[in-house]
Amino acid sequence: MGKYTTILWDLDQTLLDFDRSMDYAIKEVFQQYGLYIDAEIAARYELINRDHWNRLERGEITKEEVKVGRFRVLLEELGIHHIKPDEIAASYQDALGSVYYYIDGAVEVVAKLRDLGYHQYVVTNGVNATQSKKMKLSGLDQMMDGVFVSELMGYPKPMKGYFDACFKTLPEGTREKSILVGDSLSSDMQGANNAGIASCWFNPKGREKDIAVQIDYEIKHLKELPEILESE
């Protein structure tokens, strides 16, 4: 083991394929409510959803406003007034938590790092009930040392307060030996910067870095991570 002893994992789009789960969930709830949905509507929901999460990261809205607000916007745009946004939002969360898809290599890498003695935690902005279901269904709850969900910590990623709350529960000195692995520049990499810890950008599609954040490592496949950690 090198300079790092603790890995903070983002969950969605890093260990689990959130995009596939989201696509399933939005189509499932529209069918439940007898609503028409096509690729264009699903894509529009994805954009609205992303905007709401970005606003949460900036501290502009609450988690509850994310959960209901994105459906309020979508239903208004579609001219659907007979369904309450909070009702379809609850159904969506149930559907979202009922499925999971691993990112390629996630299980193998987490298991390998556990065998090597690394401490591993999930750091997520997701909805607590949904994330708990996905962690249990996927078996990640048995592979991790803990989970830090932002709505239980009092702050969203990437705020410094979120990470301060996380590290308060961990042994003294853990921060200096921690590295955050995630796909989001604005949430994960900025969060690592705010926390004063090392960062590893999981960037499988080779995206351009479009915001000014410090990135210590960049990987395209999760299987690259153990070699990086062991070389430090």
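Arrange Phe163, Phe18 by Cβ neighbour counts within 10 Å, fewest through most, would you?
On the way: Phe163 25, Phe18 21.
If I rank by nearby Cβ atoms, fewest first, I get Phe18, Phe163.
Starting from the Cα-Cα distance between Ile219 and Asp19, subtract it from 0.36 nm times their residue separation and give me the gain in nm to one decimal.
On the way: separation 200, 0.36 × 200 = 72.00 nm, distance 1.94 nm.
So the extension gain works out to 70.1 nm.
With an 8 Å Cα cut-off and a minimum separation of 6 or more residues, compute the relative contact order for the range 18-96 in percent. List each step's numbers first, then the result.
Values: 52 pairs, mean separation 30.7, N = 79.
RCO, the range 18-96: 39 percent.
Please report His81, His221 as a ranked list, fewest other C-beta atoms within 10 angstrom at the top and most at the bottom.
Ordered by Cβ neighbours within 10 Å, fewest first: His81, His221.
With only alpha-carbon atoms counted, please give the Rg and Dmax of the chain, in Å.
17.9, 58
If each DSSP helix of 4+ residues adds -39,500 (n - 2.57) and the sum is divided by the residues in the chain, what number results at 222 nm, nearest 500 deg cm²/dmol? Let's see the in-between values first.
Numbers: 10 runs with 109 residues, N = 232.
Dividing the helical sum by the residues of the chain leaves -14000 deg cm²/dmol.
Check Phe148: other-chain or 5+ apart residues with amide H under 5 Å from its amide H, H built from backbone geometry?
Val122, Val123, Thr124
Determine the principal axes of the Cα atoms in the range 126-232, then give the extent along each, sorted from largest to smallest and rounded to whole angstroms.
Largest first, the range 126-232 extends 32, 29, 28 Å along its Cα principal axes.
Extension gain Leu137-Asn54, at 0.36 nm per residue separation less the Cα-Cα distance, in nm? Intermediate results must be reported in sequence, preceding the final value.
Numbers: separation 83, 0.36 × 83 = 29.88 nm, distance 2.71 nm.
Length difference between fully extended and current span is 27.2 nm.
So how do Asp86, Asp216 line up by other beta-carbon neighbours within 10 Å, fewest first?
On the way: Asp86 13, Asp216 16.
With the sparsest Cβ surroundings first, the list reads Asp86, Asp216.
Find the centroid of the Cα atoms in the range 96-126 and in the range 1-29, then give the distance between the two in whole Å.
8 Å
Report the dimensions of the range 1-105 along its three principal axes from the alpha-carbon atoms, largest first, rounded to Å.
That works out to 58, 30, 22 Å along the principal axes.
How large is the dipole of the range 47-196 about the Cα centre if only Lys and Arg carry +1 and Asp and Glu carry -1, each at its Cβ, rounded to the nearest 20 debye? Before the final figure, lay out each step's value.
Details: 18 positive and 21 negative charges, 31 e Å.
Magnitude of the dipole: close to 140 debye.
For the chain, calculate the relative contact order in percent as a whole number, restricting contacts to Cα pairs under 8 Å that are 6 or more residues apart. Let's see the in-between values first.
Working: 343 pairs, mean separation 61.0, N = 232.
Relative contact order of the chain: 26 percent.
Which chymotrypsin sites (Phe, Trp or Tyr not before Pro) in the range 32-71 sit in a loop by DSSP (not H, G, I, E or B) and have at most 10 other Cβ atoms within 10 Å of their own Cβ? Show your work: numbers first, answer last.
Details: sites: Tyr33, Tyr36, Tyr45, Trp53, Phe71; in loops: Tyr33, Tyr36.
Those satisfying the criteria are Tyr36.
Read-outs throughout are calculated quantities, based only on the coordinates presented, and are distinct from any laboratory measurement. Keep in mind the model is a prediction, meaning the values are calculated, not measured. Backbone-built Cβ (ideal geometry, glycine too); neighbour counts: all protein chains shown.
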